[in-house]
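Chemist: Can you read through this structure? Questions will come right after.
The values are calculated or read from the model by the stated rules, or taken from the named source; none is laboratory data. Values in this document were obtained by computation on a predicted structure and should not be read as measured data. Note: ideal-geometry Cβ built from the backbone for every residue, glycine included; neighbour counts use all protein chains shown. Ligands, DNA and RNA are stripped out before the accessible areas are found, and what is left, the full protein with its side chains, is counted by its heavy atoms. Shrake-Rupley method; radii C 1.70, N 1.55, O 1.52, S 1.80 Å.
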Amino acid sequence: MPRIQGVDIPNEKPTYVSLQYLHGIGRTTAIKACQKLKLDPQAKAKELTDDDIQRINAYLDNELVVEGRLRRQTQTNIQRLRDIQCYRGVRHRRNLPVRGQRTRTNARTRKGSKKTVAGKKGVKDLRH
């Protein structure tokens, strides 16, 4: 398995698909990288030479923000929003949806599993 930017990429897949295993590289970016480095995007990743892998690593270091640097940059941006206490930062801090989604129903992914509130009376309990 070739190792690029600290990530093992699959041998049996085409180069442009294997590059997508890196955080921050999608289909378009992978194809553009192959074209710029004059690599065959359809060639299997196991056919890459050590020289090709070094060229890919150098290109990713110099031209793109991927893997650890991208993750750190994202966390820094979120931390800045929290520090300045803007609306988005408060939503991140409370672990609620940030981009305007409704929370009365849904939002279970962000909020977690349901927490039942004790002592809530239904309509039937009010009629004696």
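Chemist: Inside segment 1-113, counting only helices (runs of 4 or more DSSP H) that do not spill past its ends, which hold 2 or more residues that are open to solvent by less than 30 Å² (accessible area, probe 1.4 Å)? Steps first, please.
Modeler: On the way: elements: 15-18, 27-36, 50-63, 67-83, 87-93, 108-111.
Correct list: 15-18, 27-36, 50-63, 67-83.
Chemist: Hey, residue 57 hits all of (1) closer than 23 Å to residue 11 by Cβ; (2) in contact with a helix residue (DSSP H, G or I) (Cβ under 8 Å, 6 or more places away or on another chain) but one; which does it fall short on?
Modeler: Of the numbered conditions (1) closer than 23 Å to residue 11 by Cβ; (2) in contact with a helix residue (DSSP H, G or I) (Cβ under 8 Å, 6 or more places away or on another chain), the odd one out for residue 57 is (2).
Chemist: Next question, about the same structure. Scanning for something assigned to a helix (DSSP H, G or I), under 25 Å from the mean Cα position of the chain (by Cα) and not hydroxyl-bearing (Ser, Thr, Tyr), does segment 114-127 turn up at least one residue? Lay out the reasoning, then the answer.
Modeler: Filtering segment 114-127 down to residues assigned to a helix (DSSP H, G or I) leaves 123-126.
Add one more test, that the residue is under 25 Å from the mean Cα position of the chain (by Cα), and what stays is none.
Scanning segment 114-127 turns up no residue that is assigned to a helix (DSSP H, G or I), under 25 Å from the mean Cα position of the chain (by Cα) and not hydroxyl-bearing (Ser, Thr, Tyr).
Chemist: Of the numbered conditions (1) more than 18 Å from the chain's Cα centre (by Cα); (2) on the phi < 0 side of the Ramachandran plot; (3) not aromatic (Phe, Trp, Tyr), residue 26 satisfies every one except a single condition; which is it?
Modeler: (1)
Chemist: Residue 118 is checked against (1) open to solvent by less than 100 Å² (accessible area, probe 1.4 Å); (2) at pLDDT 95 or above; (3) not hydroxyl-bearing (Ser, Thr, Tyr) and fails just one. What number does that condition carry?
Modeler: Going through (1) open to solvent by less than 100 Å² (accessible area, probe 1.4 Å); (2) at pLDDT 95 or above; (3) not hydroxyl-bearing (Ser, Thr, Tyr) one by one, residue 118 breaks only (2).
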